[in-house]
Amino acid sequence: MSEPEDAGNGTVVREAPETARATGEEPGRPDGAAAGEGGGLAGGEEDALLVLTAALLTPAQFPGALGDDYPEACGRLGLPPLVQGYGLVLGQDGAGARWTVVVDDVSLVAVAIASWDCGMEYELTPVPRAIVATLPGWPLALAVAAPGVPAPHDPDLSGDPEAPEALRPPSLSGWGPAQRRLGADEISRQWATWRGEFTAEDAEAAEEGDGSASPEGSFTAPGSESTAVSVRAALAEARAYLDTPPPLGRIRSAFASDEARLLRVDGPGWSLVARTDDMAFVLLDAVPGEVVPVERGPRLPALLAGLEALAARS
C-alpha cells in the first residue's frame, strides 16, 4: 500500500476561508526591534501580518514535520516545551515576506482553526502580550499566498547579525523522518479513506501467509525480508513504550467515533497510526513511500489500549 500522492508534501490543510486577513496588530521582532528594509515586521499598516493559516504546537497536536515528539518539535523552533503549548500563526508582511508568529494563547488559535474547518470566518488577531516570538520563514509549506503583495519569500535580514536563520519546510524530494511523519499525518486526517483501501482480499492474503506476522497481527510487507523485520521492530518498540514511556508527544490520541480513539505513535525511524477498535498502519524511514497495514491480531488491542492510556489527548 503506497503513500497518497499529496501525503508528505508539507502542505497545511487548515487555511482561512479568505486568502489572507491582516491581524491589525504589529507582531514585531522577537527582540522588539524593528526590522530593516527587507520586509520585517516594523511599524506601519503595510507591515501588518497577513494571516494565511495557523497550527497548534501542543503535546497532543503538532505538525509532524517538526519532530517525533513535542520537545523535538519545540526545539525545531527554538522554543521551550511548555506544557500548555503554543499557537503558530503563519502569514506574510506587506512586502510578501514569510513570518511565523508564535503565541501562547492556544485557545485563540484553536478556535480560529475550528472556525475555518467549518467554513466560517474568524479574524485571528493575537494581542501583543500573547506573542512569544516572531520567526522569519515558515516551518510548513503553504499552497496559498496573500493577495496584493509580492510572492512569498524569506525576509532579508542580512543587516541583522543576530537574526535567526529563516524557517523552511521539509524538502519535497527524497524520503526521511519528516516525510514519513507527514505521511502519517495524512493517514490520521484521512483514516476512513486509508481504511477502505485495506480490503478483505488484503486481509485474506495476510492470513494465508502472503506477508509476515508479529504478535500484534499479520501484515503484508513490500520488498525484502528486511522490511518485515523493520515492521516487527517498530511494533516491538511501540510495545516497549508501555514499560518505559517515551518523551511527551510521541504518543498522541484524538477523538475518532463510536467511543474509539485515533492513535498516532512515533519512534526512531517509524510512525504508527491506528484506531483503538481497529487495525494499524506503519510507515518506515527504511521503506520510502510505503504504508504497511497491520491487521488486528491477538495482541494488537491490548497494545493500542496501553498506548492510549499513556497518550497526550486532544
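Miscellaneous remarks
- L108, sole failed condition from (1) closer than 25 Å to Q179 by Cα; (2) buried (at least 18 other Cβ atoms within 10 Å of the Cβ); (3) not polar (S, T, N, Q): (1)
- If you go through region 268-292 and keep only what is of a type outside the set (A, V, I, L, M), part of a strand (DSSP E or B) and either surrounded by fewer than 22 Cβ atoms within 10 Å (Cβ to Cβ) or in contact with a Ser or Thr (Cβ under 6 Å, 6 or more places away or on another chain) (or both), you end up with R275, E290.
- Flag if G75 is part of a strand (DSSP E or B) and either charged (D, E, K, R) or modelled with pLDDT of 95 or more (or both): no
- R129 open to solvent by 10 Å² or more (accessible area, probe 1.4 Å) and more than 20 Å from the chain's Cα centre (by Cα): yes
- Out of P81, P63, one residue alone is within 17 Å of the chain's Cα centre (by Cα) and modelled with pLDDT under 95. It is P63.
- Unique residue being touching a residue at least 24 places away in the same chain (Cβ under 8 Å), within 24 Å of L248 (Cβ to Cβ), charged (D, E, K, R) and open to solvent by less than 20 Å² (accessible area, probe 1.4 Å) when the list is R76, R181: R181
- Single residue of A146, A163 found to be touching a Gly at 6+ places or on another chain (Cβ under 8 Å), open to solvent by less than 30 Å² (accessible area, probe 1.4 Å) and either part of a loop (DSSP other than H, G, I, E, B) or more than 19 Å from L56 (Cβ to Cβ) (or both): A146
- Residue list for region 300-314, restricted to those being over 21 Å from P268 (Cα atoms) and either at pLDDT below 90 or under 20 Å from the mean Cα position of the chain (by Cα) (or both): R313, S314
- Residues satisfying the stated conditions in region 161-208, i.e. modelled with pLDDT of 85 or more and of a type in the set (D, E): E165, D185, E186
- Only residues that are open to solvent by 30 Å² or more (accessible area, probe 1.4 Å), closer than 13 Å to R313 by Cβ and at pLDDT 95 or above were counted in region 244-260, giving 2.
- Residue check for A213: at pLDDT below 95, among the aliphatic types (A, V, I, L, M) and open to solvent by 70 Å² or more (accessible area, probe 1.4 Å): no
The values are calculated or read from the model by the stated rules, or taken from the named source; none is laboratory data. Please read these numbers as outputs of a predicted model, since none were measured by experiment. In this analysis, Cβ positions are derived from the backbone assuming ideal geometry, glycine residues included, and neighbour counts consider all displayed protein chains. These area figures cover heavy atoms from the full protein model, side chains too; ligands, DNA and RNA do not enter into them. Shrake-Rupley method; radii C 1.70, N 1.55, O 1.52, S 1.80 Å.
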